[in-house]
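Asker: Handing you a structure now.
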Amino acid sequence: MATDAPPPSKEQHQLPSTEEFTAVQQSAEFAELRRSYRSFAFPLTVAFIAWYLLYVLLSIYAGDFMGTKLFGNINVALVLGLAQFLTTFLIAWWYARHAAAKLDPKADAIKSRMEGGA
């Protein structure tokens, strides 16, 4: 089993300087990338944490409600608990789509310009 790093590519990329990184960080393009990320990630994070805390608080303080049987041995607590997993996967899927459509093209443009490809 080989654990060595792959050989360097034939192309030589010069690493950007500290000043170039600072200039990109202060650019409007980078600010737009950061805004696009934050406007998606922060509200969704707050919403999911609120949803999770609601589930926990209902489990603590509304035991009768959470124990309500919906059908067979399936109660409200089980359905809401499984919904936590479902929303986690939905958020991950939604973020992957958002990143591929809006974040990755902007990040790739900045990266290629920083590496001298643009």
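Asker: Stretched out fully, how many nm does the piece from Trp51 to Glu19 gain, at 0.36 nm a residue minus the Cα gap?
Answerer: Between Trp51 and Glu19, full extension yields 7.2 nm more.
Asker: Ok, one more. Please turn the phi angles of the range 39-56 into ³J(HN,Hα) values with the Karplus equation 6.51 cos²θ - 1.76 cosθ + 1.60 (θ = phi - 60°), one per residue in order, whole Hz, x for glycine and proline.
Answerer: 5, 8, 6, 5, x, 5, 5, 4, 4, 5, 5, 4, 4, 5, 5, 4, 4, 5
Asker: Further question on the same structure: First measure r as the distance between the Cβ atoms of Asp104 and Leu80, then evaluate 1/(1 + (r/R0)^6) with R0 = 41 Å and state the FRET efficiency to the nearest 0.05.
Answerer: 0.75
Asker: Taking the Cα centroid of the range 85-101 and of the range 62-80, what is the distance between the two, rounded to the nearest whole Å?
Answerer: 27
Asker: For the chain, what does the relative contact order come out to in percent, with C-alpha contacts under 8 Å and a separation of six or more?
Answerer: That works out to 37 percent.
Asker: Got a sec? What order do Leu80, Leu57 fall in by accessible area at 1.4 Å, biggest, i.e. largest, first?
Answerer: These residues rank, largest area first, as Leu57, Leu80.
Asker: Right, something else. Show the residues, 5+ positions off or on another chain, whose built amide H is closer than 5 Å to the amide H of Asn75.
Answerer: Amide H to amide H, under 5 Å and 5 or more residues apart or across chains, Asn75 pairs with Leu70.
Asker: Something else now. Please report the equivalent ellipsoid semi-axes of the chain, computed as sqrt(5 x eigenvalue) of the Cα gyration tensor, largest first, in whole Å.
Answerer: Each semi-axis is √(5λ); the values are 46, 20, 12 Å.
Asker: Related question: How large is log10 I(q)/I(0) at q = 0.12, 0.24, 0.31 Å⁻¹ when the Debye formula is applied to the Cα atoms of the range 31-86, each weighted equally and without solvent?
Answerer: -0.41, -0.91, -1.15
Asker: Before rounding to the nearest 500, sum -39500 (n - 2.57) across all DSSP H runs of length at least 4 in the chain and divide by the residue total; then give [θ] at 222 nm in deg cm²/dmol.
Answerer: Calculated from helices alone, the mean residue ellipticity at 222 nm is -22500 deg cm²/dmol.
The values are calculated or read from the model by the stated rules, or taken from the named source; none is laboratory data. Fair warning: this is a prediction, and the values are worked out from it, not measured in the lab. In this analysis, Cβ positions are derived from the backbone assuming ideal geometry, glycine residues included, and neighbour counts consider all displayed protein chains. Protein only, heavy atoms only, side chains kept; ligands, DNA and RNA dropped before computing areas. Shrake-Rupley method; radii C 1.70, N 1.55, O 1.52, S 1.80 Å.
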